[in-house]
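All of the numbers you see were taken from the coordinates with simple rules; none came from a lab. Note that the coordinates shown come from a computational prediction; the quantities given were computed from them, not determined experimentally. In this analysis, Cβ positions are derived from the backbone assuming ideal geometry, glycine residues included, and neighbour counts consider all displayed protein chains.
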Amino acid sequence: MALDITGRKLFVKALKEEGVDTIFLYPGGMITDITDELYKAEGINLVLGRHEQALVHEAEGYARATGKTAVVLVTSGPGATNTITGIADAYYDSIPMIIFTGQVPLHLIGNDAFQEVDIVGMTRSITKYGVTVRDRKDLGKIIKMGFQIAGSGKPGPVLIDIPKDIQTIAGDPEYPTHVDIRGYHPNETVHIGQLKKAYKLIKNAKKPLVLAGGGVRIAKAEDKLLEFAEKMQLPVTTTLMGKGVMPEDHPLFVGNCGMHGRFASNKALTECDVLFSVGTRFNDRITGDLEKFAPNAQIIHVDIASASISRNVAVDVPITADAYSALERLAEYAEGKDNGVWLDRIKGWEKEHPLAMPKNKMEICPQEVCQAISKIFPEANIVTDVGQHQMWASQFIKLNKGQEFITSGGLGTMGFGFPAAIGAAIGNPKKPVVLITGDGGFQMNMQEMAIAAGMGLPIIICIFNNTNLGMVRQMQTLFYGKRYSVTDLKASDGKFYPDFIRWAQAYDIQARRIDNPDMVEEALMDAKKDLKGPVLLEFLISPDDLVLPMVKGGTALSDMIIK
Amino acid sequence: MKNRWIALYVENQVGVLAKVSGLFSAKSYNLQTLTVGTTEREDVSRMTISVMADDVTFEQIKKQLNAMVEVIKVIDLTTIPIHMKELFYAKVYDLNEAGKTEVFQIAQVFDQGGNVTVADVGPDSALLQCMLTERRNNELITLLKSRFKKIQVVRGGAVAIESISTSCR
């Protein structure tokens, strides 16, 4: 029999056997044993962030760029509580991740000991699985379970809380290759009868429409979606998380839908007679008023999580399946179909109200910056923060194959963008990352510049600075009589802090402020040249620019504010 | 909105009760009663849960429970033959002799083979021990409330098991 090893040794062994090459971590009293063990380990890149919330967003960016389960390691107490926003973000956007938290020794749990919190209890509703290791003999099994659960089915974050003494007690040296989990059976089959029923509906539809969400990307089913749509001549609209699952220059691609979706997409959703939705949970930002959502349509819903089906929208043909297996079959069934009249109708809507682009302005137009980014960086991964810039990016960035659009969709977490861009760059060092962010969200995690600069990560940071919290300001403009309550970030003397250029200089990185519309492209081209580390570009834009069209929260998709 | 019943097999582990009950509070589901105890297997517990819900919400509750890693099996008891009983105690205070006699009479009327008994008596009080269906318990409590000024009720929540199927009889 093999000799017993300590928990900390088994921990490192487990990560190596899982092929973990990067850990996003921040040290502290209850993980010093593990970090000591990692000091001796080879082949694992230790990314020392500057704040635990950012670590989790970095891990999200890494997971999105690599498709791998990301690993975060933090200490107990504040280290653990700081991760909560990130965990919730990962949960709502189905990102595979394991968060290891240190914990006080078993005999101190429940004592309100120094840096003790019940992190498993606190994160119960935002993790796919969470557990405190209470017995050294369970450590290997639990870590294996964590990896199995986080990456399969509908992916999500798993939290494993490891008390200090579990890390040092000697025990079983084996790390299992598989654990049977009796309460966990992700769906791997697809109901053929339901699929055939769905196919028949689509085939006989006069105005069919595909609504594709992030589940298509997670299942890597983009090619099957395209094949199916092309064979059947189906127009495709995407959710925010589904952006990019359909080539955006494709004639069948209608655009994004929802609160800030294209006019044509929302009209098509309202008028379609069969809606084939795949890998989306019908979030309220997509549906608007549920009573008036796709009122004329029979709805087919494919989702890996049966709990997502018929929750928000009553569905006629529910199909619990992975998007790939469903679309693969449907693509096999598919025969030619003529939807010419319907497609022309949709094109008519697009002509009637294309995405609005303010013209003849002396100021920089944020939509044009997005278009320029799209043109100059056709291969970069695009990361956004949350707010107006995020919606402009979703509207005006045209994604090519192999380009990821990494954004916080479900939780809408300001502060997500910069660390996620860092994680994406770490996960895929050969691919530049363009971060589109705002002056508000960027300030929520700008401390991470220390690692972006320190590691020389190829990130072009584009701050759309309107010196205001633009998205809320837009609501104030449209719905609150222009009473701009607490959305102006300028000081009482009218000055904006910080001076991002001088701030960037403190990190020895290139920075440039652009206030002339004619300089936008040139600045981006310059940044692209010899990209060796982060570059900061600050685009000064007007606080009065609006994201349009807009569907007011809770109203029907067809009630769009166009101007 | 209807009252419905679910039985759950769950891992007998720390935090599982909190996870299951947390679902009901987090998603605003209307939990009526929840009982839990171990089964013939030490590592498995069984819960009996009663909820007030419409059809759509009830389906959603079952799916959400099924999705939990710690939940091994969900059984919908609403539409299958079951045996279900709830234990409760009622202490009746400030009784004169006539009142005490009445408590005994009520116990007799509700009793079916020893499942309603007077478990204890004092100079001016009596303690009823009842194991009836939840509905019958409701009726008994309503009656006690209408007849006596001061009562104290402790309910245990219902426990249910599927009937032995006719093919096994």
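Things worth noting here:
- Axis angle, to the nearest 10 degrees, between helix B:134-147 and the longest C-alpha principal axis of chain B: 30 degrees.
- Extreme residue, positive dipole direction of the range A:357-465, given options A:Leu399, A:Gly454, A:Gly410 (C-beta unit charges): A:Leu399
- Dipole-positive endmost among A:Thr75, A:Leu195, A:Asn468 within chain A (Cβ charges, Cα centre): A:Leu195
- Once the Cβ-Cβ distance of A:Asp135 and A:Lys203 is raised to the sixth power relative to R0 = 60 Å, the FRET efficiency obtained is 0.60.
- A viscosity of 1.306 mPa s and a temperature of 10 °C, combined with the Kirkwood radius over Cα pairs in Stokes-Einstein, give a translational diffusion coefficient for the range A:366-547 of 97 µm²/s.
- Cα-based radius of gyration of chain A once divided by 2.2 N^0.38 Å, which approximates compact folds: 1.00
- Helix B:55-67 and the long axis of chain B differ in direction by around 60°, with both axes built from C-alpha atoms.
- Taking chain B as a Gaussian network of alpha-carbon nodes connected by springs under 10 Å, the highest mean-square fluctuation of the residues B:Ala119, B:Ala90, B:Ala107 belongs to B:Ala119.
- Violating pairs (Cα-Cα greater than 28 angstrom) within the set A:Lys398/A:Lys532; A:Lys351/A:Lys398; A:Lys200/B:Lys27: A:Lys200/B:Lys27
- FRET efficiency for the pair A:Thr177 and B:Thr79, taken as 1/(1 + (r/R0)^6) with r the Cβ-Cβ distance and R0 = 56 Å, rounds to 0.85.
- Rounded to the nearest 500, the helix-only mean residue ellipticity at 222 nm of the protein assembly as shown stands at -10000 deg cm²/dmol, with each DSSP H run of n ≥ 4 adding -39,500 (n - 2.57).
- Pair A:Asp344, B:Ala98: separation of 7 Å Cα→Cβ label points (nm): 9.2
- For the range A:238-290 and the range A:1-67, distance of Cα centres in Å: 39
- If only the Cβ of Lys and Arg carry +1 and only the Cβ of Asp and Glu carry -1, the dipole of chain A around its Cα centre is close to 1100 debye.
- If a spin label sat at a point 7 angstrom from the Cα of B:Val153 along the line to its beta carbon, the backbone N atoms of the range B:75-97 nearer than 17 Å would be those of B:85-93.
- Label separation (B:Lys2 vs A:Ala170): 6.2 nm, computed from points 7 Å beyond Cα along the C-beta direction.
- Both numbers refer to the Cα atoms of the range A:391-455; Rg and Dmax are 12.2, 33 Å.
- Chain B: most fluctuating residue of B:Ser146, B:Ser50, B:Ser125 per GNM, C-alpha cutoff 10 Å: B:Ser146
- A rounded overall shape is assigned to the range A:5-171, the ratio a/c of its alpha-carbon gyration tensor axes (a ≥ b ≥ c) being less than 1.5.
- Cβ-Cβ distance of A:Phe114 and B:Gln112, R₀ of 41 Å, FRET efficiency by 1/(1 + (r/R0)^6): the value works out to about 0.10.
- 3J(HN,Hα) along the range B:31-41, derived from phi through the Karplus expression 6.51 cos²θ - 1.76 cosθ + 1.60 where θ = phi - 60°, amounts to 7, 8, 9, 8, 10, 8, x, 6, 9, 5, 9 Hz, with x in place of Gly and Pro.
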